[in-house]
Amino acid sequence: MVQCPVFKSHLICLLTDDEEPGSPGGKLRGHAETLHRLVRDNPRYAMGVSGGHPLHAAAEAYSQAAHALAAAPTAPSRVASYHGRTPLEGVLPHQASQEWARTLLQPLDTATKTSTDITRLTMNMPRAAVAKLLGLSRNTVTAHLKRTEASLGLNLTDIRCRAALHLALALSSSHPAPEPDYDQPLSTLNDLLRTERAAAWAAAALRPLQDRHRRTLQAWIDANTDAQHAARALGISRNTVRTHLRTVESVLGLDLLTAGTGIHDVVHALHIADIRAV
C-alpha cells in the first residue's frame, strides 16, 4: 500500500486476483479483507475498487478506482466497484474516427515528447496535480501546454476543447490507425457524435440522472466548470451546485470534482443529447 503521490488523502493498494471474492457475497482474503474491515470500522473512510488488470495497466486500474471512489461515500458500505462501461471511442465509426483523431493530432508530430506527455497527463488530472506528480513548477506545466495549444490551435482552458483532445488521444491509443481513405470527406466531431451508436451511448450515460441534477450538470459545463457562474445562471447557491455534482458523481460513478477524469464523458454525452435530442 502506498500513498497517492498527488492526492495525499488517497491510499493505493494492489490486490491479487485471489484476494477479491469471485462472486458477490464471496469470501474476502488477505489485504481485501483488511481494507473492507477498515472502511467498515471508520466512518471517514471510503473505498473505490477497479476491475482486474495486468500489472502494466495499473494506470487504467487507478483511473477506474478513482471513478468508483467518487460513488463510494454514498454507498451503504462506503465501498463501490467500477462498473465497466463502453468508452465513447469504442462506439464511434472506426475509420472515420481514427482519421478525425489523426488529423487533429497531426501537429503534435513536431512537438517535443515532454510537451505531448504532459498534455496527456493534464487530460486526466488538474495542472497542479501534474506539476506535483512530475516535480515541476505549475509555470513549467503551463508553458508546455501553451506550446501544445499553439500547435493544435486549441484553447485548453476550455472544457469542450479539452474533451475533444481527450477523445482524439484515446482514439489514437486504442487501435492502430488505418490507412487514410482519400475518397471520403473527412468527418467532423459532430458527424461522429450524430451516429446511432453514439446516441445510444449518451442516452445510457445520462439516464440515471434526475432532471434537476442534469440541469445543474449542463449549467456547470456551460460555465466551463465554474460552480459560481453555474450557480448564478441557475439562481441557486454555489454549495447547492457542488452538492448536485456530488450526487451526479455518485449516480454515474464518475469522478468530476477530484481529478476530474469523468468530465470528458459528460461533456460528450450532453453534447450528443443536444445535437441528437436524446
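The values are calculated or read from the model by the stated rules, or taken from the named source; none is laboratory data. Keep in mind the model is a prediction, meaning the values are calculated, not measured. When we count neighbours, we look across all protein chains shown, and the Cβ atoms used for this are built from the backbone with ideal geometry, even at glycine. These accessible areas exclude ligands, DNA and RNA; they are computed on the full protein's heavy atoms, side chains included. Shrake-Rupley method; radii C 1.70, N 1.55, O 1.52, S 1.80 Å.
Data overview
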| quantity | calculated |
| --- | --- |
| Cα shape, the stretch 64-212, gyration tensor, a/c 1.5 rule | oblate |
| Segments 153-162, 117-126 sorted - mean Cβ within 10 Å per residue, highest first | 117-126, 153-162 |
| Portion, in percent, of the accessible area of the chain that falls on carbon or sulfur, probe 1.4 Å | 53 percent |
| Nearest-ten-degree value, helix 238-252 long axis tilted from longest Cα axis of the chain | 80 degrees |
| Answer label, with Cα Rg over 2.2 N^0.38 Å calculated from the coordinates and candidates (i) 1.23; (ii) 0.99; (iii) 1.06 | (iii) |
| Long-range amide H partners of A223 with built H, under 5 Å | none |
| Other-chain or far-sequence residues with amide H under 5 Å of L11's (modelled H) | C4 |
| Segment E196-D158, length gained on full extension (0.36 nm per residue, minus Cα span) | 11.0 nm |
| Leading residue at positive end of dipole, the stretch 1-125 (Cβ point charges), from V39, M123, P93 | V39 |
| Residue-normalised accessible area of the stretch 182-242, expressed per residue, 1.4 Å probe, Å² | 62 Å² |
| Relative contact order (%) - the stretch 33-127, alpha-carbon pairs under 8 angstrom, separation at least six | 22 percent |
| Ordering of 166-172, 107-113 by packing [mean C-beta count within 10 Å, highest first] | 166-172, 107-113 |
| Lysine-lysine proximity count for the chain, Cα under 29 Å, sequence distance 8 or more or distinct chains | 6 |
| Helix axis angle, 263-276 relative to the chain longest principal axis, alpha carbon, degrees | 50 degrees |
| Chymotrypsin sites (Phe, Trp or Tyr not before Pro) within the stretch 20-109, DSSP loop, no more than 16 other Cβ atoms inside 10 Å | Y45 |
| The chain: angle of helix 159-174 to the longest principal axis, Cα-based, in degrees nearest 10 | 90 degrees |
| For the stretch 81-125: rounded, prolate or oblate by the Cα gyration tensor [a/c cutoff 1.5] | oblate |
| Prolate/oblate/rounded label for the stretch 131-278 (Cα gyration tensor, a/c 1.5) | oblate |
| Mean ellipticity per residue at 222 nm, deg cm²/dmol - from DSSP H runs of n ≥ 4 across the chain, formula -39500 (n - 2.57) | -17000 deg cm²/dmol |
| Over the chain, relative contact order from alpha-carbon pairs under 8 Å, at least 6 apart, % | 20 percent |
| Dipole axis of the stretch 49-205 (+1 Lys, Arg; -1 Asp, Glu on Cβ), positive-most option in L156, A80, A199 | A80 |
